[in-house]
Amino acid sequence: MSDAAAQPQSEEQDTGAELVAILTSRGYRGLLLVAAIIGIPVALLAWGFLAIVHGLEHVVWESVPSALGQSEPAWWYGVVVLTVAGLLVGLAIRLLPGTGGHIPAHGLGGGMPTPAEMPGILVAAIASLTLGAVVGPEAPLVAIGAGAVIVALRQTKLHTNPQAGALLSVAGSAAAVATIFGNPVVAVVLMLEVVGFAGQKVLVVLLPSVMAAGVGALVFTGLGDWTGFEAPSLGIPGLPAGTLDVADLLWTIPLSIVCALFAQAARRVGLAVAHRADKSRGKTVQLTAVVGLVVGLCAAAYSLMTDRPISDVLFSGEVALGELVSQPQEWVTGTLLLLILFKGIAYAVSIGAFRGGPTFPALFIGAAIGILAGNLPGFGPTAAIAVGMAAATSAVLRLPITSIVLVTLLLGTQALSQIPIVLVAAVIGLVTAVSLDQKESIRPVKIREQRRAAES
């Protein structure tokens, strides 16, 4: 065997031996035990956060309109509430430490929040989610999980070990975010992609997350005679049965590109809004109030033009997704086009100014585009919905495996037949979005080079 061939094998053996040493060490076993212990309290905190959000949503969007004599919130009511939401989020960003936490337009992640930043994160997230901004709860849950672990570790000797703190904060985030996805596997995959580790060393990060998410899931799945809290279900009920054929595969490519382009446009708008807010710190409250007004006007315009509720445009779409796709044939083309347009605009500005996660609105918009594409010759509605969700989510999150797992779970009993095109759509969505990013970053360089050439 040559020296060149022997060297990689030797390095692989060294890495394997190092991994075994880590996994069998007393310190790492203790870390796994701590991860298991923190899973349940973190899941309870996450459940409490979601309970507060749902309770306030009921008050704002059901109790108050009912007291005003409205069976459904009127178009003007949404404009008022979203403007107030913008004011509250802007005040949280401006006055509280941490600028309200992670900006949804940046995807998922955001690092480890400090205890001082948690009040601002919670206020901004609760105001955004309960008052109708087009963002999801997953990013605040990630922050809650990480923040709770950091606070807890300050009371132990582990706070002096930054590596242990980082691993356990990721585990805490996994336990918290599992509460909204209803499946600990999704949480583990998501955190794995967010952290971005690869190779054998991924196990060092993965195992604490698996431990915390698995034990934390007991809060919802129950244990023994205790049935646990009501767990969210990702599966979409009533999805039409479908099988793949050649036409479905052929349509997958252009539809994936269209969904990625739409998602990329929304993300670009969100980043521009976020950049404007960061650049004009003194006018943050005014900017977020204007964004809230824009979101409210989008919902009002949609409702007045279609005679449908403003809730179609508002919120993350997590709850409305089942209603959207369970009977795709009942959606009129014009209504779908208006829904995609106004929900897309509201989503684009929301992920730049409000605080939350970008996942569920991307799934919803992707599904709506898929329903529209389901009218194409030979394209089955279930296949089109699957492609739309996978491509749009992968383009926004830049987490293809998480997108694939999410869409597969959403498809439920139809997942097995649709997995091939879900994989293809997720890859095309990601590659299209990343390619557009590269072209955007190269363009200013080319302009500068052209100017220099002209001057010379």
Next item on the list: For Thr284, work out the one condition from (1) farther than 27 Å from His102 by Cβ; (2) in contact with a Lys or Arg (Cβ under 7 Å, 6 or more places away or on another chain) it doesn't fulfil.
Entry: (1)
Note to self: I'd like the full set of residues that are buried (at least 16 other Cβ atoms within 10 Å of the Cβ) and not in a helix (DSSP H, G or I), limited to region 59-74.
What the structure shows: Pro73, Ala74
Item checked: Residue satisfying all of: in region 404-425; within 20 Å of the chain's Cα centre (by Cα) and β-branched (Val, Ile, Thr); nearest to Asp248 (Cα to Cα) among these -> Val422
Item checked: Condition check for Leu341: over 17 Å from Ala390 (Cα atoms) and either touching a Phe, Trp or Tyr at 6+ places or on another chain (Cβ under 7 Å) or assigned to a loop (DSSP other than H, G, I, E, B) (or both) -> no
Next item on the list: Only one of these is crowded, with 21+ Cβ neighbours inside 10 Å, over 18 Å from Gly172 (Cβ atoms) and in contact with a Gly (Cβ under 8 Å, 6 or more places away or on another chain): Gly101, Gly145, Gly136, Gly90. Name it.
Entry: Gly136
Check: Restricting attention to region 1-28, and to residues there that are of a type outside the set (Gly, Ala, Ser), surrounded by fewer than 11 Cβ atoms within 10 Å (Cβ to Cβ) and modelled with pLDDT of 60 or more, which single residue is nearest to Ile121 (Cα to Cα)?
Finding: Arg26
Note to self: Please verify whether Pro115 is in contact with an Asp or Glu (Cβ under 9 Å, 6 or more places away or on another chain), over 26 Å from His275 (Cβ atoms) and outside the structural domain of Arg355 (by TED's automatic domain parsing), treating the condition exactly as stated.
What the structure shows: no
Next item on the list: Look at Ala164 and say whether it is of a type in the set (A, V, I, L, M, F, W, C), over 27 Å from Ser311 (Cα atoms), assigned to a helix (DSSP H, G or I) and modelled with pLDDT under 80.
Entry: yes
Check: When region 299-316 is examined, which residues are found to be in a helix (DSSP H, G or I) and either in contact (Cβ under 8 Å) with a residue 60 or more places away in the chain or over 22 Å from the mean Cα position of the chain (by Cα) (or both)?
Finding: Ala299, Ala300, Ala301, Tyr302, Ser303, Leu304, Met305, Thr306, Ile310, Ser311
Check: Checking Ala85 against (1) surrounded by fewer than 24 Cβ atoms within 10 Å (Cβ to Cβ); (2) within 24 Å of the chain's Cα centre (by Cα); (3) touching a residue at least 24 places away in the same chain (Cβ under 8 Å), which test does it fail?
Finding: (1)
Item checked: Residue satisfying all of: in region 265-295; among the hydroxyl-bearing types (Ser, Thr, Tyr) and part of a helix (DSSP H, G or I); nearest to the chain's Cα centre (by Cα) among these -> Thr288
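A quick yes/no check of all residues on (1) at pLDDT 85 or above; (2) more than 21 Å from the chain's Cα centre (by Cα); (3) over 21 Å from Ile365 (Cβ atoms):
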{"site": "Gly110", "(1), (2), (3)": "no, no, yes"}
{"site": "Glu138", "(1), (2), (3)": "yes, no, no"}
{"site": "Leu158", "(1), (2), (3)": "no, yes, yes"}
{"site": "Val170", "(1), (2), (3)": "no, no, yes"}
Note to self: For region 383-411, which positions are surrounded by fewer than 24 Cβ atoms within 10 Å (Cβ to Cβ) and hydroxyl-bearing (Ser, Thr, Tyr)?
What the structure shows: Thr408
Checklist line | Residues that are of a type in the set (Ser, Thr, Tyr) and farther than 20 Å from Trp76 by Cα, drawn from region 258-315 | finding: Ser280, Thr284
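The values are calculated or read from the model by the stated rules, or taken from the named source; none is laboratory data. As the structure is a prediction and not an experimental result, all values here were calculated from the model. Because the Cβ atoms are built from the backbone with ideal geometry, glycine has one as well, and the counts that use them run over all protein chains shown.
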